[in-house]
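A short worksheet on the structure shown next.
The values are calculated or read from the model by the stated rules, or taken from the named source; none is laboratory data. The model shown is predicted, which means the values in this text are computed figures rather than measured ones. We place every Cβ from the backbone using ideal geometry, glycine too, and count neighbours over all the protein chains shown.
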Amino acid sequence: MSNLDTQNFEKGRIKALQDERVYIQKKTFTKWANAFLEKVRMEIRDLFTDLADGNILMKLLEIISGENLGRPNKGVMRVQKVENVNRCLKFLATKVYFENIGAEDIVDGNPRLILGLIWTIILRFQIQEIIIDVDEEQDNSEKKSAKDALLLWCQRKTAGYPGVNITNFTNSWRNGLGFNALIHAHRPDLINYDRLDPADHIGNLNNAFDVADRELGIPKILDAEDVDVNRPDEKIIVTYVASYYHYFAKMKTEMTGGKRIAKIVGMIRDVEKLQDDYEGLTSDLLTWINQRVTALNSRDFPNSLEGIKKELILFNEYMTVDKPPKYREKGNIEAQYFNIQARLKANGQKQYVPPEGMLIHDIETAWLRLEKSEHGREVALKDELIRQERLDQLAHRFSRKAAIRETWLSDMEQILQEQIQCNNAAQTEAAVKKHEAISAEILARKDRFRALNALATELVQGNYRAKDKVKKKDQEVMQRWKQLLDKLESRKNILSGFNNLMSMFREIENIGEELAEVETKVKVTDCGKHLQATDDLLQQHALQEAQLQALTRRVKKLNRRSTQLGGGGPAEGDHLDKKLEALNKDLQRIQDLSNNRRTNLDTAKRYYQFLSDTEQEERWVAEKLEGAKSANVGKDLNAALMLLKKHDALEAEMQGRWRRCEQICGVGQDLVNQGHPSRSEIGSRIKSLMDKWNQLQDAAASRKTRLEDAIEAQQYYADANEAESWMKEKMPLVCSDDYGKDEASAQALASRHNRLD
């Protein structure tokens, strides 16, 4: 055979072996997957094509992992298939690391990658979770996991069995004794190991596979012929042996649990008895707490200091005698509750939940409520004790102060009964001062009586046991105090009347003195020698009038007070009326003198003002008369027109000034009519002023006539001069011998001549 044939033979042999391995793995992995999928009535017929849509793969992962991957697509279109497979691969990526596997590879049915994917799933969810201690006797010994742990477990379980030497997951299992040994180690009743023939590989393998499938429910995913070869496929054996491990591990757990059931039942009965005892003790304690809380919350205390002290003694007996045993009982209940919970926890049972209202929290809440009620009652008893002690002290203070106030009231009543002596101003002043001292003494005690009343009110409001007696005493004292204040006010009114009477007499004397002073000033007859002096006297008289007005108001006030006067006797009233009558007469007389003085001063001022105004007016008339008599009428027309304009202004000024002249003359005539002592001089001045005004008016009229005549003459001369100049200008034109050289020039000359006309 040539080398080429040899190479082709070897390649063919290798490919045949590879195809055989692929076929065995495919068959085994399919059975393994179907063992899970049959729970949901699904089945894989062809591993390389049935996983393409992703539905079966997704369901397999959900079953083996116990997690939900969501609802898959229908998986009809390629894109839907790729999406389903991608979701599976993403889920696996969260559990185990793998690479070079894409969704398209699974959809396209790549055998190698599909087998690799299934093997990855088996390793992650069946093999990787196996953990075995290297040294079972030590708690902290080294641990092995996954395939190594599974191999160690097989070696331990098959140790000592003849014909079994597990060193790997390939040819160590070829004779089938290893599988039978694993079953016998856990269930010796199922296999008679001594009757097995080490040379009958197929028989041993089928025996183990059939027993496992029939008795243990381990699916028969291997065929004897696939194992009884020189080098069986490691992956299929690992997958199958892992099923043994998981089954027997679960069986061991169940056996251990069965042994504990009897013990747990006994413990449950003990715990139930403890629970009954707990509920009975709790009910009794809560009933006692509720009764005590009701009693402690009561505030119906005796209304006396002795009664409160007895209540405090009873409360202290409760705190020292009654409560401590109940506190120990509460601690025992709590200890029993935690003992019940500890036993239940040790048994792995659900925690005990007492009936509603009997929880430890309810006991604590009730106990806190009890302690709060205890604290509240203790505080209330102490407050009531303090209140009763304070009320006793207040009652003692009230009795002592009431006695003092009654003694003082008796003394003051005797003083106010004394007769008042007010025969003159000195006696009145002394009586008023004495009354002010008495009033200050009495009114200074007002706060003390208020304090006494406040004590009584506090005792009554505080429900003092003898409050009625206190209230009666307080009313008696306050009634006497009110009567004393009324007597004081009556005495004050009487003294006030006398005092007002005396003050009015003093006021009458003061006003009379001031009126006498004013009278001397208004009797003066001097009215001044000139206008400035008269103005000064008028200002002085205005001050005297203001003083007199103030005195008038004071007299009117006295008149009003006299009508309101209530104190004093008839004699004093008559004397006051006489004094006021004389004062009013004096006031009226001086007011008349003041009015006369005002009239004389006003007349003098008008006279001096008349003299000043006439002198000023005569000066103005004289000044204007000189201008009106001027003979100047202007050298030409413009000058004459200017002089006429000035004259018109003079006449306008005269017209305005004439009204002032009339007013001045009117004032003078009034003085004459009133019979002024200088009326002849006033009449002369009026006549002189009027004569000068007549002269001015005549001179003004004459000058206006002269100015108008001069303007008319000057206007004539101006017009004549203008006509003469025009004729001289036009004469050469009318005297010319030029009649034009041609028609055009002649027409031009004719046109000029026509314009001249």
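For region 293-310, the set of residues classified as touching an Asp or Glu at 6+ places or on another chain (Cβ under 8 Å) and in contact (Cβ under 8 Å) with a residue 40 or more places away in the chain consists of L296, F301, L305, I308, listed by residue number.
Anything in region 79-97 that is farther than 23 Å from W119 by Cβ and either surrounded by 15 or more Cβ atoms within 10 Å (Cβ to Cβ) or in contact with an Asp or Glu (Cβ under 9 Å, 6 or more places away or on another chain) (or both)? List them, or say none. Scanning region 79-97 gives Q80, E83.
A count restricted to region 541-557 and to residues that are β-branched (V, I, T) and surrounded by fewer than 12 Cβ atoms within 10 Å (Cβ to Cβ) stands at 0. In the set V229, V241, V271, only one residue is surrounded by 15 or more Cβ atoms within 10 Å (Cβ to Cβ), at pLDDT 85 or above and not small (G, A, S); that residue is V241. Only one entry of K326, K330, K350 meets the criterion of being exposed (fewer than 15 other Cβ atoms within 10 Å of the Cβ) and either in a helix (DSSP H, G or I) or more than 51 Å from the chain's Cα centre (by Cα) (or both), and that entry is K350.
Restricting attention to region 595-606, does a residue exist that is surrounded by 12 or more Cβ atoms within 10 Å (Cβ to Cβ) and within 20 Å of K692 (Cα to Cα)? Within region 595-606 (the criterion being surrounded by 12 or more Cβ atoms within 10 Å (Cβ to Cβ) and within 20 Å of K692 (Cα to Cα)), the answer is no, since none of the residues qualifies. Within region 576-603, the set of residues being under 21 Å from E509 (Cβ atoms), modelled with pLDDT under 80 and out of contact with any helix residue (DSSP H, G or I) (no Cβ under 8 Å at 6 or more places or on another chain) is empty. Criterion applied to E507, E458 was being within 50 Å of the chain's Cα centre (by Cα), modelled with pLDDT under 85, surrounded by 14 or more Cβ atoms within 10 Å (Cβ to Cβ) and not assigned by TED's automatic domain parsing to the domain that holds R561, and the one residue passing it is E458.
Conditions (1) on the phi < 0 side of the Ramachandran plot; (2) free of Cβ contacts under 8 Å to residues at least 40 places away in the same chain; (3) outside any helix (DSSP H, G or I); (4) within 60 Å of the chain's Cα centre (by Cα), marked per residue:
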{"site": "F179", "(1), (2), (3), (4)": "yes, no, no, no"}
{"site": "H184", "(1), (2), (3), (4)": "yes, yes, no, no"}
{"site": "L190", "(1), (2), (3), (4)": "yes, yes, yes, no"}
{"site": "N206", "(1), (2), (3), (4)": "yes, yes, no, no"}
{"site": "V211", "(1), (2), (3), (4)": "yes, yes, no, no"}
{"site": "D226", "(1), (2), (3), (4)": "yes, no, no, no"}
{"site": "I236", "(1), (2), (3), (4)": "yes, no, no, no"}
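If you go through region 35-47 and keep only what is surrounded by fewer than 18 Cβ atoms within 10 Å (Cβ to Cβ) and touching a residue at least 40 places away in the same chain (Cβ under 8 Å), you end up with just A35. Of all residues in region 342-385, those being among the small types (G, A, S) and closer than 14 Å to M319 by Cβ number 2. What about D737, is it surrounded by fewer than 12 Cβ atoms within 10 Å (Cβ to Cβ) and closer than 30 Å to K645 by Cα? No, not satisfied.
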